[in-house]
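Asks: This is the structure, below, for whatever I ask next.
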Amino acid sequence: MEAHTPFERVWTRLAAARDEYRAAVTATYDEVLIEVAERTEARGSLGKADIGALVVWKRLQANTRWVSELMEVPETTVRAVTSEAVRAVRDTSLSRGEAGQKGREALSGLPGFGHGPALASALLTAAAPGRMAVYDRRARRGLERLGVSLGPPRGLYGRYMDLLDRLLEHGGSGRPDWTARDVDTALYWLGGDASA
């Protein structure tokens, strides 16, 4: 992916996917994410209500054991854990990938955050919306359709953020309005059935 031509092909597909996403998905869809991000900015942490809102926003199942287990964790503990994650992803002395991985690791002790980065990435994106991005199965399929593999599960979110960082660096001069979140929505769209 380092050669100019493959990068341009990737960016052409990403730009088309972002345009399609924006045409199909109303701007109101992200209102929940934006509201949680604003509360996180004000408090420096996320609580159980914020996590619940992100579960709805991600359209995840809430009738699972991990949700019951999370509800048993005191709010002060949840906020202490999430404040550590918030600090990590906002630490600009770390690369985007290092910050993302550190934030992901901070959350791993909370119920629901021990496996897979989908929910954790939504929380980390709410914590640093200008820097982090959401990762899920559709984003992974979008990457696969671009011929990119992220490798094994361990450290996956950090590698994902490193990849997005490289994409933004190599395409940034011609696309200054793009954020990591723009890339993740394009990948999400590429990974869906509509783009197959």
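The values are calculated or read from the model by the stated rules, or taken from the named source; none is laboratory data. Everything quoted here is computed from the prediction, not taken from an experiment. Cβ sites come from the backbone with ideal geometry, for glycine too, and all protein chains shown count toward neighbours.
Asks: Given the residues GLY151, GLY147, GLY142, GLY191, which is the only one that is touching a Leu at 6+ places or on another chain (Cβ under 6 Å) and more than 21 Å from VAL89 (Cα to Cα)? Can you show your working first?
Replies: Working: GLY151 fails: touching a Leu at 6+ places or on another chain (Cβ under 6 Å); GLY147 fails: touching a Leu at 6+ places or on another chain (Cβ under 6 Å); GLY191 fails: touching a Leu at 6+ places or on another chain (Cβ under 6 Å).
Answer to the selection: GLY142.
Asks: Can you confirm whether THR185 is farther than 30 Å from GLU69 by Cα, under 14 Å from the mean Cα position of the chain (by Cα) and polar (S, T, N, Q)? Talk me through it step by step, then tell me what you get.
Replies: On the way: farther than 30 Å from GLU69 by Cα: yes; under 14 Å from the mean Cα position of the chain (by Cα): yes; polar (S, T, N, Q): yes.
Yes; evaluated as a whole, the condition is true for this residue.
Per-residue answers, yes or no, for (1) more than 17 Å from the chain's Cα centre (by Cα); (2) farther than 23 Å from ARG87 by Cβ:
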residue	(1), (2)
LEU33	no, no
ARG39	yes, no
GLN61	yes, yes
ARG65	yes, yes
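Asks: Let me ask another. Taking the stretch 115-133, which residues are outside any helix (DSSP H, G or I) and free of Cβ contacts under 8 Å to residues at least 60 places away in the same chain? Steps first, please.
Replies: Narrowing the stretch 115-133 to residues outside any helix (DSSP H, G or I): 115-117, 128-133.
HIS115, GLY116, PRO117, ALA128, GLY130, ARG131, MET132, ALA133, listed by residue number.
Asks: Only one residue in ARG18, ARG9, ARG13 is touching an Asp or Glu at 6+ places or on another chain (Cβ under 7 Å), modelled with pLDDT under 95 and under 22 Å from LEU150 (Cα atoms). Which one? Quick ask: steps written out before the conclusion?
Replies: On the way: ARG9 fails: touching an Asp or Glu at 6+ places or on another chain (Cβ under 7 Å); ARG13 fails: touching an Asp or Glu at 6+ places or on another chain (Cβ under 7 Å).
On inspection, the qualifying residue turns out to be ARG18.
One line per residue, one yes/no per condition, for (1) of a type outside the set (Val, Ile, Thr); (2) buried (at least 23 other Cβ atoms within 10 Å of the Cβ); (3) at pLDDT 85 or above; (4) within 14 Å of the chain's Cα centre (by Cα):
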| residue | (1), (2), (3), (4) |
| --- | --- |
| LEU150 | yes, no, yes, no |
| LEU163 | yes, no, yes, yes |
| ARG166 | yes, no, yes, no |
| GLY172 | yes, no, no, no |
| TRP178 | yes, no, yes, no |
| LEU190 | yes, yes, yes, no |
| ALA196 | yes, no, no, no |
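Asks: Hey, another quick one. State yes or no: is LEU150 among the hydrophobic types (A, V, I, L, M, F, W, C), assigned to a helix (DSSP H, G or I) and in contact with a Phe, Trp or Tyr (Cβ under 9 Å, 6 or more places away or on another chain)? Step through it out loud before you land on a result.
Replies: Details: among the hydrophobic types (A, V, I, L, M, F, W, C): yes; assigned to a helix (DSSP H, G or I): no; in contact with a Phe, Trp or Tyr (Cβ under 9 Å, 6 or more places away or on another chain): yes.
Criteria not met by LEU150.
Asks: Given the conditions (1) closer than 20 Å to TYR160 by Cβ; (2) touching a helix residue (DSSP H, G or I) at 6+ places or on another chain (Cβ under 6 Å); (3) touching a residue at least 24 places away in the same chain (Cβ under 8 Å), and given that LYS48 satisfies all but one, which numbered condition is not satisfied?
Replies: Tallying (1) closer than 20 Å to TYR160 by Cβ; (2) touching a helix residue (DSSP H, G or I) at 6+ places or on another chain (Cβ under 6 Å); (3) touching a residue at least 24 places away in the same chain (Cβ under 8 Å), LYS48 fails exactly one: (1).
Asks: Among the residues of the stretch 80-110, which ones are surrounded by fewer than 17 Cβ atoms within 10 Å (Cβ to Cβ) and either among the polar types (S, T, N, Q) or not in a helix (DSSP H, G or I) (or both)?
Replies: Passing the criteria: ASP91, THR92, SER93, LEU94, SER95, SER108, GLY109.
Asks: For the stretch 16-71, enumerate the residues that are charged (D, E, K, R), exposed (fewer than 13 other Cβ atoms within 10 Å of the Cβ) and not in a helix (DSSP H, G or I). Step through it out loud before you land on a result.
Replies: If we filter the stretch 16-71 for residues that are charged (D, E, K, R), which is where we start, we get 18-20, 22, 30-31, 35, 38-39, 41, 43, 48, 50, 58-59, 65, 69.
So of that shortlist, the ones also exposed (fewer than 13 other Cβ atoms within 10 Å of the Cβ) come out as 19, 31, 38, 59, 65, 69.
If the condition is that a residue be charged (D, E, K, R), exposed (fewer than 13 other Cβ atoms within 10 Å of the Cβ) and not in a helix (DSSP H, G or I), then ARG59 is the only one that fits.
Asks: Of ALA120, ALA186, which residue is more than 22 Å from ALA85 (Cα to Cα) and modelled with pLDDT of 95 or more?
Replies: Values: ALA120 fails: more than 22 Å from ALA85 (Cα to Cα).
On inspection, the qualifying residue turns out to be ALA186.
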